[in-house]
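Okay, so here's the structure we're looking at.
The values are calculated or read from the model by the stated rules, or taken from the named source; none is laboratory data. Please read all numbers here as calculations on a predicted model, not as lab measurements. Virtual Cβ from ideal backbone geometry, glycine too; neighbours counted across all protein chains shown. Just the protein is used for accessible areas: all its heavy atoms, side chains included, with ligands, DNA and RNA removed. Shrake-Rupley method; radii C 1.70, N 1.55, O 1.52, S 1.80 Å.
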Amino acid sequence: CLACHMNNGQGIPGVFPPLAESDYLMEDTDRAIKSLIEGLQGKIVVNGTEYNQVMPASGLDDQAIADVLNYVMNSWGNDAEKMLTKKKVAEVRASLK
């Protein structure tokens, strides 16, 4: 995560999207989980800026995905409504099969 999104979650403008104060990240937790499970490619719009890069699948297990997203979604100006659980990640993973 750090290589592209940087240690403060700001990303690289126009190249890699920010996680800090990210509308894209915060508006759909299932999509965020899916992105860590499967990776992400194609055009996305984050905070009004278009990005079109490839993010590889994380390779993380369900608990690690929940932990990473809970950290990111409660850091750098983000304020998640609720914490994600290993069970929630497992449900999203199961829906992808």
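Per residue, the range 1-94 exposes 60 Å² of accessible surface when a 1.4 Å probe is rolled over the protein heavy atoms with every protein chain present. Rounded to the nearest angstrom and listed largest first, the equivalent-ellipsoid semi-axes of the chain from its Cα gyration tensor are 20, 15, 12. For the chain, the relative contact order works out to 25 percent when only alpha carbon pairs closer than 8 Å and six or more residues apart are counted. Here the Karplus relation 6.51 cos²θ - 1.76 cosθ + 1.60, evaluated at θ = phi - 60°, turns the backbone of the range 54-70 into coupling constants of 10, 10, x, 4, 6, x, 7, 7, 4, 5, 5, 4, 4, 5, 4, 5, 4 Hz, with x for every Gly and Pro. Our estimate of slack between Lys97 and Arg31, defined as 0.36 nm per intervening residue step minus the Cα-Cα distance, is 22.3 nm. Taking the average, over residues, of other Cβ atoms within 10 Å as the packing measure, peptides 39-47, 24-32 rank 24-32, 39-47 from highest down.
Atom-type composition of the exposed protein surface of the range 1-92 places 53 percent of the accessible area on carbon and sulfur (1.4 angstrom probe).
For the pair Val45 and Cys4 in one chain, pulling the backbone fully straight at 0.36 nm per residue adds 13.1 nm over the alpha carbon distance.
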